[in-house]
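One structure below.
Since every read-out is calculated from the coordinates, none of them should be taken as a lab result. These numbers come from a predicted model, not from an experiment. Cβ placement follows ideal geometry from the backbone for every residue including glycine, while neighbour counts extend to all protein chains displayed.
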Amino acid sequence: MLLKKTLRALLLAVASLMGLAHADPLSYARYDQVRTRDLQLDLSADFGRHTLSGYAELSLDWLDSKARTLVLDTSELQIARVQLLQPSGRWQSASFMLDRPDAEKGRALRIALPFQPKKVRIYYSTAASASALQWMAPRQTMSGKHPFMFSQSQEINARSWVPLQDTPAVRFTYSARITAPQGLRVLMSAASETDAPATAAQQKLQPQTKAAAAGSASWKFHMAQPIPSYLLAIAIGELEKRTLGPRSAVYAEPARIEAAAYELADTEKMISAAEALYGPYRWERYDMLVLPPSFPIGGMENPRLTFVTPTMIAGDRSLVDLIAHELAHSWSGNLVTNSTWKHFWLNEGFTNYVTTRVVEQLYGAEVAKMNLQVEQEEAMASLASIAPQKQALVTRDADTSAATYTDGGLVYPKGAWLLRTLEQRAGRAVFDRFLRGWFDQHAFQSVRTEEFVSYLRKNLLDAHPEVMTDAELDAWLYQPGIPASARHEASPRLAALDAQRSAWLQGTLPTAELPATGWIALEWMHFLNDIDGKASAAQLQELDQRFKLASSGNNEITYRFYLSSIKAGYQVRAPLQAFLLSVGRQKFVVPLYAALLNNPAERAWAQALYAQARPLYHPVTQSSVDKQFKKP
Ligand SMILES: [Zn+2]
């Protein structure tokens, strides 16, 4: 124990000397001086006022004996009081101040310290407009009976519901007691200590607390593995649970639980496949929570409890690569974490690479190859709309520089492509050992690109210099575009499909003769990816009549079909309206509104539809769509 502690202090001191210890430009925290080791939360959820209130208790490791201020990140938090734990074990109040708010970073909370306390307690409540939290009215849920609340802390929204050092460079364990209305289930990115909560009566609360807590229940959680703040997560709602395997279950609204359990039946196979490649799963359980449709993103890799969009439930398990992606984060991202958001590709590029490997294990090499080709083609197509200086995986600027982040979308496929290139040239025997070593040697650490490069040299390139020259590595990491030397995947099945698509677009292959009945979702996605602006309204109508695309259960297919239809002038208003009123995932919603607004015939209709749909969307989605409407 002691040795471990000394070693930790020594490592932190070395990091501090190297000037890396408080480099995150998106955080006010001075983690070169002090680091959070553990967080305890005691919070009550108020669905009437849309707030969480209570206290956060931080256990601190002091690195700089001269420091006399503790700086925490907050956003819109109301701070009631702050207490410090004296060496005698008594709590004493501390004075504090909040800086003026910054639009992006929120407000620094500065706590004055007469001594360096081992623990600090901050009593606070969140704002109804907290950027991490969406509070939903009963009518926004499937049953319409109960309200729902969920969080999305990535990248810097955790500070809007907990005062803390909100940087991926700091990891901590956490425990929580969450009080919520009876009848609702509370879930967190942590082990739930009970499957059913203690009622107010069972908790032996003080009389005044008992009165306040009438009709409520408390849930306790513990997270034993240290996590960065962006992986803190909470959800409260009418949720049912179905066991999927020995270490996995799914939670969803009652009306969706059966479909969710069917869709996610392969989860244990996925965990085993990833373990065979990259070593043991270190988070004990892998549960999933299927959120209401307003969840603004595809999935969020909250440890022990992935949050997923219901749009991945296609009815035929055709979109479960989204789960493979979130599961892959259990190694890349959650276990080995980018130390600031500048190094985001270390989370997402690695995860996209691991995802394709897991897909290959489960669904075979041909499907994996198609997946990869679609990913690479979409990356190439996206380059046209990304400024060259944003196309690098990472910039050479100092970590402290906030203005120079690269494109958040491109780093997923481009980072994966770099790893794929290394794998193809080094061979799997060598590369798989290399990548597993990266995860093992950096487990529960936060890392920078420079550390990856030196690991790469020492563990791969020194022995196999022919795999990649310095100049080529430089091009992948720091230069725009995809290096000319990159191998582009070419699946024979997709090549055949390309020929059929061209013939169909030219009118030489009638719609009725398209051999599409046996196509898997990926083949449809590939087909639809390249008809935008080329297919006529009449062709789209034929396609719809024959293959029922506008009403497909697969949202990746309907989304692409709607997009091409809007551009070609084939009206799909009824299904599109139903889609936009039930799906709040930004990836689908934002481009669809953009396309509608670009089509003069659809503008007024889109405006009326958005007025109806906007209240159903997450604040993050609202703000992105609002921007589309503000464009001239
Ligand atoms: Zn991801």
> Going by alpha carbons, how many degrees (0 to 90, nearest 10) lie between the helix axis of 428-441 and the longest principal axis of the chain?
Replying inline: 20
>> Let's test this: bin the Cα-Cα distances of the stretch 492-630 at 5 Å from zero up to the farthest pair and state each bin's percent.
In response: 2, 10, 21, 22, 18, 12, 8, 5, 2, 0
> Any idea what angle helix 537-547 forms with the longest principal axis of the chain, computed on alpha-carbon atoms, 0 to 90 degrees, nearest 10?
Replying inline: 80
> According to a simple spin-label model (label point 7 Å from Cα along Cα-to-Cβ), what is the distance in nm between ARG573 and SER536?
Replying inline: 2.4
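If Rh is defined by the Kirkwood formula over all Cα pairs and Rg also comes from Cα, what ratio Rg/Rh do you get for the stretch 363-478? Provide the component values of the computation, followed by the final result.
Numbers: Rg = 15.3 Å, Rh = 15.7 Å.
For the stretch 363-478, the value is 0.97.
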> Can you sort ASP99, ASP321 so the residue with the fewest Cβ neighbours within 10 Å comes first?
Replying inline: ASP99, ASP321
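Exposure proxy check: HIS618, HIS464 ranked by fewest other beta carbons within 10 Å? Before the final figure, lay out each step's value.
Values: HIS618 24, HIS464 16.
Lowest to highest Cβ neighbour count: HIS464, HIS618.
Assign unit charges at the C-beta atoms only (+1 for Lys and Arg, -1 for Asp and Glu), then state the dipole size of the chain relative to its Cα centre in Debye, rounded to the nearest 20. Write out the running numbers ahead of the final one.
Details: 66 positive and 61 negative charges, 411 e Å.
The calculated dipole for the chain is roughly 1980 debye.
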> Which far-off residues, 5 or more places away or on another chain, put their amide H under 5 Å from the one on ALA191, with H placed in the peptide plane?
Replying inline: HIS222, MET223, ALA224
> If you take the charge dipole of the stretch 492-630 about its Cα centre, with +1 on Lys and Arg Cβ and -1 on Asp and Glu Cβ, which of GLY533, ALA574, PRO492 is farthest toward its positive end?
Replying inline: ALA574
>> Loop-only trypsin sites (Lys or Arg not before Pro) in the stretch 13-121, please: DSSP not H, G, I, E or B, and at most 10 other Cβ atoms within 10 Å.
In response: LYS66, ARG90
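Which percentage, to the nearest 5, of the DSSP beta bridges contained in the chain is antiparallel?
Numbers: 71 of 88 bridges.
About 80 percent, rounded to the nearest 5.
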> How large is Rg/Rh for the stretch 530-583, to two decimals, with Cα atoms and a Kirkwood Rh?
Replying inline: 0.93
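Based on the Cβ-Cβ distance from ARG546 to SER88, what FRET efficiency comes out when R0 is 60 Å, to the nearest 0.05?
Numbers: r = 79 Å, r/R0 = 1.32.
It comes to 0.15.
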> For the chain, what is the convex hull (Cα atoms) projected area averaged across all directions, in square nanometres?
Replying inline: 29.3
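Before anything else, pin down the relative contact order of the chain: Cα pairs under 8 Å, at least 6 apart, normalised by residue count, whole percent. If you can, show how the numbers build up before the last one.
Details: 1154 pairs, mean separation 64.8, N = 632.
Value for the chain: 10 percent.
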> So which chymotrypsin sites (Phe, Trp or Tyr not before Pro) in the stretch 101-171 end up in coil per DSSP with only 11 or fewer other C-beta atoms within 10 Å?
Replying inline: PHE115
> Do any trypsin sites (Lys or Arg not before Pro) in the stretch 358-461 lie in a DSSP loop with no more than 16 other beta carbon atoms within 10 Å, and if so, which?
Replying inline: ARG396
> Which of the lysines could be linked to LYS548 by a straight reach, that is with a Cα gap under 25 Å, when you skip same-chain ones fewer than 8 residues away?
Replying inline: LYS534, LYS567, LYS587
> Given GLY437, LEU460, THR400, which one lies farthest toward the positive end of the charge dipole of the stretch 363-478, if we put +1 on the Cβ of every Lys and Arg and -1 on the Cβ of every Asp and Glu?
Replying inline: GLY437
>> Expected output is a single nm value to one decimal: the length gained when fully extending between LYS145 and ARG425, i.e. 0.36 nm times separation in residues minus the C-alpha distance. What is it?
In response: 95.2 nm
> Leaving out same-chain residues fewer than 8 places away, which lysines sit with a Cα under 17 Å from that of LYS390?
Replying inline: LYS342, LYS414
> Between the stretch 409-469 and the stretch 234-304, what's the alpha-carbon centroid distance in Å?
Replying inline: 29
>> As a test of understanding, state the convex hull volume per residue of the stretch 567-614 from its alpha carbons, in Å³.
In response: 67
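Translational diffusion coefficient, Stokes-Einstein: compute it for the stretch 296-411 using the Kirkwood radius over C-alpha pairs as Rh, at 10 °C and 1.306 mPa s, and state it as an integer in µm² s⁻¹.
Working: Rh = 15.5 Å.
Answer from the Stokes-Einstein relation: 103 µm²/s.
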>> What aspartates and glutamates does LYS369 reach when the alpha-carbon gap must be under 15 Å and sequence neighbours fewer than 8 apart in one chain are set aside?
In response: ASP321, GLU360, GLU377, GLU378, GLU423, GLU489, GLU523
